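The values are calculated or read from the model by the stated rules, or taken from the named source; none is laboratory data. Computed from a prediction, not measured in an experiment: that's the story for all the values here. Ideal geometry is used to build each Cβ from the backbone, glycine not excepted, and the neighbour counts take in all protein chains shown. For the accessible areas, the whole protein counts, side chains as well, though only heavy atoms, and no ligand, DNA or RNA atoms are used. Shrake-Rupley method; radii C 1.70, N 1.55, O 1.52, S 1.80 Å.
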Amino acid sequence: MSIADNIQRINAELAGTAARLCVVTKTHPVELLQEAYAAGARCFGENRPQEMAAKQPQLPADVEWHLIGQLQTNKVKLLAPFVHTIQSIDSLKLLREIDKRAAESNRVINGLLQFHIAAEETKSGLSLAEAEEMLASEEYQQFRNVRLTGVMGVATFTPDEHQLRQEFQTLHGYFDHLKATYFADSPVFCDISMGMSGDYALAVAEGSTLVRVGSAIFGRRG
C-alpha cells in the first residue's frame, strides 16, 4: 500500500466520526512528507523541535504543524514562528514560555494539556489535580498568546483492548470535567487527541477528535 492509499483508507475510516488525522512524520524525510501532502494530508505531527524547524520551510505554508513529543522550554523559540498546536503541555513553566515566545512572534499558539493515562511510568503527563491547579492559577489567567484547545494522552502499549478503552475513557472524562469547569464558554476547547497506529480505531470509538498515525501510513522504520 502506498502512502496515499494508507491516508485515503484511514480518512475513509474516520469519515462520519468526530476524528481527524494527524500524520506523524517524525524521522521521515521531507520527500515522504511531500507524498503525504500530495495525498491531502495537512496536519503533520513531529516529536523533535529541531527536526520540525528544519522541515517546515520545505513544505507548503498551509501545513498545520503539531508538536507531539516532550518539549523543553529552551526549544520553544524554534517553533514559535510557525507551530500550530503543541500537544504536549505538561507544566505552567512550559505554558509561560509558549505565551512569551508566541507574543514575540505576534501569534497565538494552540496547546493541548497532556495527561498521564498509561500504566507505564515512562510516559509523561499531568494528573488531573496538577492540571486544575494550573488552570486555577492567577498566572494562567494572564496568558494571551497561548490558547488551550483540548487534551492529549498516550495509552499503554498493550494488546489489551479493555485496558486501552479504560485509558481512553479516563482521558475523555478529564476533557469533560475541564470543559465544564474551566472552558464552558470556550468553543475552541474541543480536542481530545488520543489513538495511534495500533489503537486509533478504539480511540475513535471512545471519542477521539485527533488521531496521531505514523507507522500505519509510512510503514515501520528499519
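Residue 4: under 17 Å from the mean Cα position of the chain (by Cα), on the phi < 0 side of the Ramachandran plot, open to solvent by less than 70 Å² (accessible area, probe 1.4 Å) and not acidic (Asp, Glu), yes or no?
Judged against the criteria, residue 4 is not a match.
Every residue in the range 61-76 that is free of Cβ contacts under 8 Å to residues at least 60 places away in the same chain, in contact with a Ser or Thr (Cβ under 9 Å, 6 or more places away or on another chain) and open to solvent by 10 Å² or more (accessible area, probe 1.4 Å), please.
Passing the criteria: 64, 70, 71, 73.
Quick check on the range 188-204. Is at least one of its residues more than 16 Å from residue 114 (Cα to Cα), out of contact with any Gly (no Cβ under 9 Å at 6 or more places or on another chain) and of a type in the set (Val, Ile, Thr)? Break it down into steps so the answer makes sense when it comes.
So the first thing to find is which residues in the range 188-204 are more than 16 Å from residue 114 (Cα to Cα), and the list is 188, 197-202, 204.
Narrowing the set further to residues that are out of contact with any Gly (no Cβ under 9 Å at 6 or more places or on another chain) leaves 198-200.
Next, from what is left, pick out any that are of a type in the set (Val, Ile, Thr): none.
Within the range 188-204, none of the residues are more than 16 Å from residue 114 (Cα to Cα), out of contact with any Gly (no Cβ under 9 Å at 6 or more places or on another chain) and of a type in the set (Val, Ile, Thr).
Could you list, in sequence order, all residues of the range 84-108 that are under 17 Å from the mean Cα position of the chain (by Cα), over 19 Å from residue 179 (Cα atoms) and open to solvent by less than 50 Å² (accessible area, probe 1.4 Å)?
Applying the first criterion (under 17 Å from the mean Cα position of the chain (by Cα)) to the range 84-108 yields 84-91, 94-95, 98, 108.
If we keep only those that are over 19 Å from residue 179 (Cα atoms) too, we end up with 84, 94, 98, 108.
Selection gives 94, 98.
Quick one: would you say residue 17 is at pLDDT below 95, of a type in the set (S, T, N, Q) and farther than 18 Å from residue 110 by Cα? Even if it seems obvious, please write down each step before you answer.
Values: at pLDDT below 95: no; of a type in the set (S, T, N, Q): yes; farther than 18 Å from residue 110 by Cα: yes.
In short, no.
Take the residues in the range 7-38 that are farther than 15 Å from residue 216 by Cα and small (Gly, Ala, Ser), then tell me which one is least open to solvent (accessible area, probe 1.4 Å).
Of everything passing the filter in the range 7-38, 19 is least open to solvent (accessible area, probe 1.4 Å).
Taking the stated definitions as given, is residue 114 without any contact (Cβ under 8 Å) to a residue 60 or more places away in the chain, surrounded by 22 or more Cβ atoms within 10 Å (Cβ to Cβ) and within 26 Å of residue 181 (Cα to Cα)?
Working: without any contact (Cβ under 8 Å) to a residue 60 or more places away in the chain: yes; surrounded by 22 or more Cβ atoms within 10 Å (Cβ to Cβ): yes; within 26 Å of residue 181 (Cα to Cα): yes.
So residue 114 passes the test.
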